[in-house]
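Visitor: The following block contains the structure, expressed as structure tokens.
The values are calculated or read from the model by the stated rules, or taken from the named source; none is laboratory data. What you are looking at is a predicted structure, and each value in this text was computed from that prediction instead of being measured. Cβ: placed from backbone, ideal geometry, glycine included. Neighbour counts: every protein chain shown. SASA here: full protein model, heavy atoms, side chains in, ligands and nucleic acids out. Shrake-Rupley method; radii C 1.70, N 1.55, O 1.52, S 1.80 Å.
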Amino acid sequence: MKLMVIGGGGREHAIVTYLKKSPKIDSIYVLPGNAGIAEIAETIDIAATDIDGMIEFAKRTDIDFVFVSPDDPLVLGAVDALTEAGFKCFGPNKAAAEIEGSKVFSKNLMKKYGIPTASYNIFDSYDAAVAYIKQADSYPTVIKVEGLALGKGVTIAESFSAAETALKAAMKDKVFGDSGNRVVIEEFLTGPEVSMLCFTDGKVIKPMVSSMDYKAIYEGNTGPNTGGMGAVSPNRYYTDEIANYCMQQIFIPTMNAMNLEGRTFKGCIYFGLMLTDKGPYVIEYNCRFGDPETQVVLPLLETDLFSIVEAVADSRLDEIDVVFSDAYACCVVAASGGYPVKYEIGKPISFGDFNPESNIHIFHSGTKLTREGLITAGGRVVGVTAIAATANQARVDAYEAVKNISFEDIYFRMDIGS
């Protein structure tokens, strides 16, 4: 089969790596891909949001199956357009992708169907939002822009001044564009966070192994949110008892709610959970694989990834056993200094001697190959994942490996998995 994958980050590098292992796949084209992906698949210089371009390429190349990975094309309706053009796809349609595309929609969905989440209020007026914050006078408080913001649209404000600054940036200065036209202000919850990726075809839902994402830029989970500075899997806090509760009270109810709303979700749905003293609550939904959670979850998958993906598209996920190993994974992200605010790109990258048969996987996020060699091309540059028999060994091995990578102003957190 000829497979087309849409996207070009570390998540897509991991997805392509494991799709490529399927005996059903002959060739993979990735739009637009990156320098790491180019080593294992053919990259095509078509943007992930260029829906007309991807359809034209798919027709010209006689593509058999399309995997739409990132949030932007999913929310824009890439799956709808590709399906209408005659291509079988993995990924939710535009109506289902709204579960990530609009935090207002997702919060209202949870409220309507009794899915546990933080209490909240919605504002489309800066003045009204500021007045509410001042009157509530409760900190920390959580401020979320409604739309997509590259994982950076959430602020935990510790004071009125911080909340006012976040609201001004989103609603007046438009640092997130139209995504900040409306904001959700919600209660601050505490507890361990869990990332759960689940395959679903709208009839059944099958969870993957649990993971934990490290969003903040600095050690101790301080500083502004990033797209993710690392991840571990499995998540030590996600017990069998909690897993059973989440399946019955969160995962299945969400799948059923989307069906009842006429928005049947087929693809990978991401549940961002917080384990509070009152039980698990949903912090957020995503309509796709997480990044960098994918880089620790897929290396533990023992079932052929494409067989699962194909079963989801064909609405026969109930026929597939989704099996994971009992190993541990740790991913450390190496980023450009100054990320996520201001950083420089174009820095030469050098790697140590990595044995491709070892337990170390290098997933490229922001890299570019030039005549002079490999250079940085983004805020998050590479993710280094180690697989081991224990969580601590995975962590030790990941940090030993990331120290072999060098570029000017390299930065990575030292406490991933600790």
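Visitor: What relative contact order, as a whole-number percentage, does the chain give when Cα pairs under 8 Å and 6 or more residues apart are counted?
Guide: Here the relative contact order equals 16 percent.
Visitor: Using 10 Å bins from zero, what percent of all Cα-Cα pairs in the chain falls into each bin?
Guide: Taking every Cα pair in the chain, the percentages come to 5, 22, 33, 28, 11, 1, 0.
Visitor: Divide, for the range 93-232, the radius of gyration over alpha carbons by 2.2 N^0.38 Å, where N is the residue count. Walk me through the numbers before you get to the answer.
Guide: On the way: Rg = 15.8 Å, N = 140, 2.2 N^0.38 = 14.4 Å.
It is 1.10.
Visitor: Taking the Cα atoms of the range 23-167, what is the range of coordinates along each of the three principal axes, in descending order and whole Å?
Guide: Reported extents, whole Å, longest axis first: 60, 35, 28.
Visitor: According to a simple spin-label model (label point 7 Å from Cα along Cα-to-Cβ), what is the distance in nm between TYR126 and THR390?
Guide: 5.4
Visitor: At a Förster distance of 41 Å, what's the computed FRET efficiency of ASP178 paired with GLU241, Cβ-Cβ distance as r, to 0.05? Before the final figure, lay out each step's value.
Guide: Values: r = 42 Å, r/R0 = 1.02.
Using R0 = 41 Å, I get an efficiency of 0.45.
Visitor: Once you put a point 7 Å from the Cα of LYS24 and another 7 Å from the Cα of ASP318, both along the Cβ direction, what distance in nm separates them?
Guide: 1.9
Visitor: While we're looking at this one, here's another question. With springs only between Cα atoms under 10 Å apart, run a GNM on the chain and tell me which of ALA231, ALA136, ALA162 wobbles the most.
Guide: ALA136
Visitor: Through the Karplus equation 6.51 cos²θ - 1.76 cosθ + 1.60, θ set to phi - 60°, convert the phi angles of the range 194-204 into ³J(HN,Hα) values in whole Hz; use x for Gly and Pro.
Guide: 9, 9, 10, 9, 9, 7, 8, 10, x, 10, 10
Visitor: Pairs LYS144/LYS206; LYS152/LYS342; LYS144/LYS174; LYS88/LYS152: which are spaced more than 20 Å apart, C-alpha to C-alpha?
Guide: Beyond 20 Å between Cα atoms: LYS144/LYS206; LYS88/LYS152.
Visitor: Taking springs between alpha-carbon atoms closer than 10 angstrom, which of LYS94, LYS403, LYS20 fluctuates most in the Gaussian network model of the chain?
Guide: LYS403
Visitor: Here is a follow-up. Any chance you could look up the accessible area of LEU317 with a 1.4 Å probe, heavy atoms only, rounded to 10 Å²?
Guide: The value for LEU317 is about 0 Å².
Visitor: With the other protein chains left in place, how much accessible area per residue, in square angstrom, belongs to the range 273-334 at a 1.4 angstrom probe? Mind showing how you got there, number by number?
Guide: Details: 1910 Å² over 62 residues.
On a per-residue basis, the range 273-334 sits at 31 Å².
Visitor: Taking just the alpha-carbon atoms of the range 208-328, what radius of gyration and Dmax come out, in angstrom?
Guide: In order Rg, Dmax, the Cα atoms of the range 208-328 give 15.3, 44 Å.
Visitor: Follow-up. Could you grab the relative contact order for the range 224-361? Cα pairs under 8 Å, six or more apart, rounded to a whole percent. Intermediate values should be presented prior to the final figure.
Guide: Details: 128 pairs, mean separation 40.1, N = 138.
Once divided by the residue count of the range 224-361, the mean separation gives 29 percent.
Visitor: Run the Debye formula on the Cα coordinates of the range 1-109, all scatterers equal and no solvent, and tell me log10 I(q)/I(0) at q = 0.17, 0.24 1/Å.
Guide: -0.74, -1.31
Visitor: In vacuum, with every alpha carbon of the range 263-330 counted as one equal point scatterer, what does the Debye formula give for log10 I(q)/I(0) at q = 0.12, 0.14, 0.21, 0.24 Å⁻¹? Two decimals, please.
Guide: One equal scatterer on each Cα of the range 263-330 leads to -0.41, -0.56, -1.08, -1.18.
Visitor: List the DSSP H helices in the chain whose Cα atoms stretch 24 Å or more along the helix axis and whose mean Kyte-Doolittle hydropathy is at least -0.5.
Guide: Numbers: long enough: none.
Qualifying helices, which must be both long enough and hydrophobic enough, do not occur.
Visitor: Consider a paramagnetic label point 7 Å from the Cα of GLU42 along Cα→Cβ; state which residues of the range 64-93 have an amide N under 13 Å from it.
Guide: So the set is 64.
Visitor: Once you keep just the Cα pairs under 8 angstrom separated by 6 or more residues, what percentage relative contact order results for the range 47-189?
Guide: Details: 216 pairs, mean separation 29.9, N = 143.
Worked out over the range 47-189, it gives 21 percent.
Visitor: Please report, in cubic angstrom per residue, the volume enclosed by the convex hull of the alpha-carbon atoms of the range 322-379.
Guide: Working: hull volume 8.1 nm³, N = 58.
Residue-normalised Cα hull volume stands at 140 Å³.
Visitor: Sticking with this structure for a sec: Most fluctuating residue of ASP318, ASP277, ASP52 in a GNM of the chain with Cα springs under 10 Å: which is it?
Guide: Comparing ASP318, ASP277, ASP52 in the GNM, the peak value goes to ASP277.
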